[in-house]
1. Has region 162-173 got any residue that is hydroxyl-bearing (S, T, Y) and either outside any loop (DSSP other than H, G, I, E, B) or assigned by TED's automatic domain parsing to the domain that holds V79 (or both)?
2. Do we find that L55 is outside any helix (DSSP H, G or I) and either closer than 28 Å to V129 by Cα or touching a strand residue (DSSP E or B) at 6+ places or on another chain (Cβ under 7 Å) (or both) in this structure?
3. Please find, within region 211-231, the residue that is modelled with the highest pLDDT out of those that are among the charged types (D, E, K, R) and within 23 Å of G154 (Cα to Cα).
4. Scan region 136-182 for residues that are of a type in the set (K, R) and either free of Cβ contacts under 8 Å to residues at least 40 places away in the same chain or within 19 Å of D229 (Cα to Cα) (or both) and jot them down.
5. Any residue in region 72-79 that is farther than 14 Å from I8 by Cα, surrounded by 15 or more Cβ atoms within 10 Å (Cβ to Cβ) and under 16 Å from the mean Cα position of the chain (by Cα)?
6. Sort out which residues of region 96-135 are free of Cβ contacts under 8 Å to residues at least 40 places away in the same chain, within 18 Å of I8 (Cβ to Cβ) and of a type in the set (D, E, K, R), and write them in order of number.
7. For the condition in contact with a helix residue (DSSP H, G or I) (Cβ under 9 Å, 6 or more places away or on another chain), crowded, with 16+ Cβ neighbours inside 10 Å and at pLDDT below 90, what is the one hit in M201, M193?
Amino acid sequence: MSDHRRRILVADDDVDACQNLRDILTDMDYVVEVAHSGEEALAWIERQPFDVVLLDLRMPGMDGITCYRRLRQARPETVSILITAYATREAEQEAEFAGVARVLSKPVDPRRLLPMIDTAVRQPLLLVVDDDTDLCESLWDILRDQGYRVSLAGSVSEASRRLHDRSFDVVLIDLRLPDGYGVSIAQRVRATMPEAHVVLMTGYGRELREIVGDMGLPPPECVRAKPIDIPRLLADLRRVTT
């Protein structure tokens, strides 16, 4: 994409509310798209990445929580903020359990919303490439709580699609993937995102050294053995993202 401004999707069946938020956010130099249903929001998400999605809790057809769950599967790095006229504690707990970042009451107060968006778009963007779904979900939860936006890929081909869509600050890559070696992903990151940091995760240290040497790659910033030492990984990430 040639436009590097931050992208926001507003999903609400209230046309006036959408237009009001679009005007405010456009004035703040965000690129803003609008959807009036959950289905329309998902169609936008499938076409292109967004940094933040503002989701109305109650929309015709698909509600905001259901839309968020499907959005997270498609674009797990996107920060979601739930907007609702029914901001009960029960609704907040349901949103928190699903993984929604924040809940805001309607009518939306820009003085509360804008700092949330600014914080979200400043979070470092990470890509975790590993076919271990349990590890990916665990890392997503841990890293999100530490202030990172995290995208996930389970194969070389899926990682290639993620890297085509957007640039990342850090890419964590498993050495062995179902359709090839993670080192090929490291090569692509080196060639297309020279400022990104690469972390290789593996249980095969000797094999890693041989493959990196055979492919003529410079060594990654760090290599972490599995099972992953989470405190050590977090220290690595703080070092390269601050």
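The values are calculated or read from the model by the stated rules, or taken from the named source; none is laboratory data. Since the model is a prediction, treat every value here as computed from it, not as a measurement. With ideal geometry, Cβ positions are generated from the backbone for all residues, glycine too; neighbour counts draw on all protein chains shown.
1. Taking region 162-173 as the starting set, the residues that turn out to be hydroxyl-bearing (S, T, Y) are 167.
Subset that is either outside any loop (DSSP other than H, G, I, E, B) or assigned by TED's automatic domain parsing to the domain that holds V79 (or both): none.
Among the residues of region 162-173, not one is hydroxyl-bearing (S, T, Y) and either outside any loop (DSSP other than H, G, I, E, B) or assigned by TED's automatic domain parsing to the domain that holds V79 (or both), which makes the answer no.
2. Criteria met by L55.
3. Across region 211-231, the extreme among qualifying residues is D229.
4. First, the residues of region 136-182 that are of a type in the set (K, R): 144, 149, 161-162, 166, 176.
Listed by number, the residues that qualify are R144, R161, R162, R176.
5. Going residue by residue through region 72-79, those that are farther than 14 Å from I8 by Cα are 72-74, 76.
Next, from what is left, pick out any that are surrounded by 15 or more Cβ atoms within 10 Å (Cβ to Cβ): 72, 76.
Going one step further and asking which of them are under 16 Å from the mean Cα position of the chain (by Cα), we end up with 72, 76.
The answer is yes, given that some residue of region 72-79 is farther than 14 Å from I8 by Cα, surrounded by 15 or more Cβ atoms within 10 Å (Cβ to Cβ) and under 16 Å from the mean Cα position of the chain (by Cα).
6. R102, D109, R111, R112, D118, R122
7. Details: M193 fails: at pLDDT below 90.
Residue meeting the stated conditions: M201.
Residue-by-condition table, conditions (1) under 18 Å from the mean Cα position of the chain (by Cα); (2) part of a strand (DSSP E or B); (3) farther than 23 Å from A85 by Cα; (4) free of Cβ contacts under 8 Å to residues at least 40 places away in the same chain:
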{"residue": "R5", "(1), (2), (3), (4)": "yes, no, yes, yes"}
{"residue": "C18", "(1), (2), (3), (4)": "no, no, no, yes"}
{"residue": "D23", "(1), (2), (3), (4)": "no, no, no, yes"}
{"residue": "T26", "(1), (2), (3), (4)": "no, no, yes, yes"}
{"residue": "D29", "(1), (2), (3), (4)": "no, no, yes, yes"}
{"residue": "V32", "(1), (2), (3), (4)": "yes, yes, no, yes"}
{"residue": "L42", "(1), (2), (3), (4)": "yes, no, no, yes"}
